[in-house]
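The values are calculated or read from the model by the stated rules, or taken from the named source; none is laboratory data. Remember, predicted model here, so these are calculated numbers, not experimental data. Neighbour counts are summed over all protein chains in view; Cβ atoms, including those assigned to glycine, are modelled from backbone coordinates with ideal geometry.
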Amino acid sequence: MNKLLKGVFIGLIFFQHCNQDKVQPALLEGVIAGATYRYQYGRAKPVATTDVYDILLFSENQIEEEPCLITFSPRGYISFQFPFKEGFYQVPSDVSITFHQPGVTDESYQATSGFIEVLGVNLGRINAYMEADYDSLNRVGGTFILDNCY
């Protein structure tokens, strides 16, 4: 019995420092056209005469490393528009998220459910969490950070 109490006490010490609120969500990842997608770069450019921004989220293994210079990706990528401010944006009513197929310029799918939560905007940088889903071959979830490309 003494060993059991000692084991419980040691276990409590270890789990006392586990705080679920401090666990960081995973980086944005999922699948686009059935191929693995993992976020690496993002770009936000203002749309003239509006308060929204064109957003492009590119995956790993991009040839170009400067997100503001990327115009097309041979890999799957994600695009959408929304204001550059904190808030919760529901798909498809507040924001339309598009999954662009790898290497195909004219084939894409609109997410049918999900959301984007902008957690913070600071000095032209946005920190957000996204979940978006079209079907089992086109879905993503996780955090991303991107800069405003003026």
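Given the condition under 15 Å from the mean Cα position of the chain (by Cα), assigned to a strand (DSSP E or B), hydrophobic (A, V, I, L, M, F, W, C) and surrounded by 17 or more Cβ atoms within 10 Å (Cβ to Cβ), answer yes or no: does some residue in the range 102-113 qualify? Within the range 102-113 (the criterion being under 15 Å from the mean Cα position of the chain (by Cα), assigned to a strand (DSSP E or B), hydrophobic (A, V, I, L, M, F, W, C) and surrounded by 17 or more Cβ atoms within 10 Å (Cβ to Cβ)), the answer is no, since none of the residues qualifies.
A26: of a type in the set (A, V, I, L, M), buried (at least 17 other Cβ atoms within 10 Å of the Cβ) and within 17 Å of the chain's Cα centre (by Cα), yes or no? Spelling it out, it is not the case that A26 is of a type in the set (A, V, I, L, M), buried (at least 17 other Cβ atoms within 10 Å of the Cβ) and within 17 Å of the chain's Cα centre (by Cα). Is it the case that R38 is out of contact with any helix residue (DSSP H, G or I) (no Cβ under 6 Å at 6 or more places or on another chain), among the charged types (D, E, K, R) and surrounded by 13 or more Cβ atoms within 10 Å (Cβ to Cβ)? Judged against the criteria, R38 is a match.
For V118, work out the one condition from (1) under 17 Å from the mean Cα position of the chain (by Cα); (2) β-branched (V, I, T); (3) at pLDDT below 90 it doesn't fulfil. Evaluating V118 over (1) under 17 Å from the mean Cα position of the chain (by Cα); (2) β-branched (V, I, T); (3) at pLDDT below 90 leaves (3) as the failure.
If you scan the range 118-150, which residues turn out to be under 15 Å from Y53 (Cα atoms) and not basic (K, R)?
The answer is V118, V121, G124, I126, N127, A128, I145, L146, D147, N148, C149, Y150.
Would you check which residues across the range 76-89 are outside any loop (DSSP other than H, G, I, E, B) and either under 14 Å from the mean Cα position of the chain (by Cα) or at pLDDT below 90 (or both) and list them?
Step one: list which residues in the range 76-89 are outside any loop (DSSP other than H, G, I, E, B), which gives 77-83, 87-89.
Those that are outside any loop (DSSP other than H, G, I, E, B) and either under 14 Å from the mean Cα position of the chain (by Cα) or at pLDDT below 90 (or both): Y77, I78, S79, F80, Q81, F82, P83, F88, Y89.
Among the residues making up the range 69-92, those that are over 17 Å from S113 (Cα atoms), touching a Phe, Trp or Tyr at 6+ places or on another chain (Cβ under 8 Å) and among the hydroxyl-bearing types (S, T, Y) are S73, Y77.
Every residue, every condition in (1) crowded, with 16+ Cβ neighbours inside 10 Å; (2) at pLDDT below 90; (3) touching a Leu at 6+ places or on another chain (Cβ under 7 Å), yes or no:
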| site | (1), (2), (3) |
| --- | --- |
| T49 | no, yes, no |
| S59 | yes, yes, no |
| E66 | no, yes, no |
| P74 | no, yes, no |
| V91 | yes, no, no |
| I97 | yes, no, no |
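For the range 41-68, the set of residues classified as in contact with a helix residue (DSSP H, G or I) (Cβ under 8 Å, 6 or more places away or on another chain) and within 22 Å of T112 (Cβ to Cβ) consists of L56 only.
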